1. Identify all residues within the range 86-133 that are in contact with a Gly (Cβ under 8 Å, 6 or more places away or on another chain) and part of a loop (DSSP other than H, G, I, E, B); write none if there are none.
2. Mind counting the residues in the range 61-84 that are surrounded by 13 or more Cβ atoms within 10 Å (Cβ to Cβ), in contact with a Lys or Arg (Cβ under 9 Å, 6 or more places away or on another chain) and within 19 Å of Leu104 (Cα to Cα)?
3. Which one is surrounded by the fewest Cβ atoms within 10 Å (Cβ to Cβ), of the residues in the range 33-60 that are outside any loop (DSSP other than H, G, I, E, B) and of a type in the set (Asp, Glu)?
4. Which ones in the range 78-107 are within 14 Å of the chain's Cα centre (by Cα) and among the basic types (Lys, Arg)?
5. Among the residues of the range 101-118, is there at least one that is within 25 Å of Arg51 (Cβ to Cβ), of a type outside the set (Ser, Thr, Tyr) and surrounded by 12 or more Cβ atoms within 10 Å (Cβ to Cβ)?
Amino acid sequence: MVAVTCEHCGREFWVKPKRVRRGVRFCSMACRRAGQYTGRFTRSDGYVAIRIDDDYVLEHRHVMESHLGRPLESGEHVHHRNGNRADNRLENLELIRVGPHASLHHPGRDRSTWVKVRCLACGKVFERRLCQHRQHPRAFCSRSCYLQRAGEMPGRNRPGLPS
């Protein structure tokens with residue numbers, strides 16, 4: 001038997017040499033839970049999670065919430081200035097909105113979902129969703145402009161449309 005000192009309580013306990021080679025560090029499960037599971041770990045994506053009550057939260061968000069004295073809104077992100085996700089010092093953290101944060105990490109990519117188009121009837125410039133413009137490239141600013149243009153087109157004389 002070999003004497004080993006518990007890393008948590010400091011008590012000396014005896015184990016077989018095989019357990020020492022495997023790396024025994026604690027004298028009991030209670031000491032192991034208290035010493036090994038500290039409630040803080042690094043996730044596989046590099047962010048640090050900490051235990052608050054019975055739930056785990058991201059440490060950088062908790063640090064920013066504590067600094068601000070309020071919970072973060074859904075559209076707010078916490079940016080790590082030096083890029084190190086485990087460095088959660090307040091000097092390294094910056095509160096930023098979702099859009100500017102995406103632009104910061106993906107420069108040159110225009111994420112706008114709106115485009116400016118010109119009405120085919122009156123020539124007025126207005127904004128329209130990009131996905132709608134791709135599906136229907138013939139754009140009109142209003143229903144009246146659409147009906148006006150439909151009346152001008154040959155072969156479009158249907159009942160109910162102005163001629």
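What follows is calculated from the coordinates using simple rules that are stated; it is not laboratory data. It should be emphasised that the depicted structure is a prediction, and the values quoted were computed from it without experimental measurement. Note that we place each Cβ from the backbone using ideal geometry, even for glycine, and neighbour counts take in every protein chain shown.
1. Once the filter is applied, which keeps residues that are in contact with a Gly (Cβ under 8 Å, 6 or more places away or on another chain) and part of a loop (DSSP other than H, G, I, E, B), the range 86-133 yields Ala86, Arg111.
2. 3
3. So, considering only residues that are outside any loop (DSSP other than H, G, I, E, B) and of a type in the set (Asp, Glu), the one surrounded by the fewest Cβ atoms within 10 Å (Cβ to Cβ) is Asp55.
4. Hits for the range 78-107 are Arg85, Arg97.
5. Within the range 101-118, not a single residue is within 25 Å of Arg51 (Cβ to Cβ), of a type outside the set (Ser, Thr, Tyr) and surrounded by 12 or more Cβ atoms within 10 Å (Cβ to Cβ).
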